[in-house]
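Here is the structure we will look at.
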Amino acid sequence: MRKPRVERARKDFADFYQRFRDNCLRAVLAGTGDRALAEDLVAEAFARAWASWPKVSQHPAPAAWVVRTALNIRVSWWRLRRREVALDGHERVSLIEDDLDPNDALLAAVRRLPQRQREVVVLRIWLDLDTRSVAAVLGISAQTVAVHLSRATATLRAQLAPAAR
């Protein structure tokens, strides 16, 4: 009896992974700006999701859980390493170039948003969660989600749309 239940959980998780991996990766990439780091964070978050699959599968927004977990892993990683000192002459290379295609320009603009606005855009727009789900994931009110989304879209519109003159 137990084996079919385990196999069903594996299949459910595999389906979930296939459907949401790319969206989660894009969401985390928007927050980190480093593709290799984003891939590592998403892989770790999916591994944690699998380890807690009975709980995560019941979450109202499991993809948002994965993204939030990945971003939390990054914060934990940063806290552990914040006292490290960079070597002179070895600056971090920027991944954003001047000759961006529109998708890269959007990603760069989203990365320039304040953290909470960036999180709201990623969860509400890219992961297509409703406002209440975003509020629950971030631990803020639905009205606060709406305010952050409004400010973020106004900023993105100003940065990405050429000024009409």
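Each label point was placed 7 Å from the Cα along the Cα-to-Cβ direction; for Val75 and Arg116 their separation is 1.3 nm. Every pair of different Cα atoms in region 100-165 enters the Kirkwood calculation, which places the hydrodynamic radius at 12.2 Å.
For region 1-82, what number results from the quotient of the Cα radius of gyration and 2.2 N^0.38 Å? Please list the in-between numbers first.
On the way: Rg = 13.6 Å, N = 82, 2.2 N^0.38 = 11.7 Å.
For region 1-82, the normalised Cα radius of gyration comes out at 1.16.
Backbone geometry of region 51-63 corresponds, through the Karplus equation with coefficients 6.51, -1.76 and 1.60 at θ = phi - 60°, to 3J(HN,Hα) couplings of 4, 10, 4, x, 6, 5, 5, 8, 5, x, 9, x, 5 Hz, x marking Gly and Pro.
All of the numbers you see were taken from the coordinates with simple rules; none came from a lab. Because the structure is a prediction, the values reported are computed rather than measured. With ideal geometry, Cβ positions are generated from the backbone for all residues, glycine too; neighbour counts draw on all protein chains shown.
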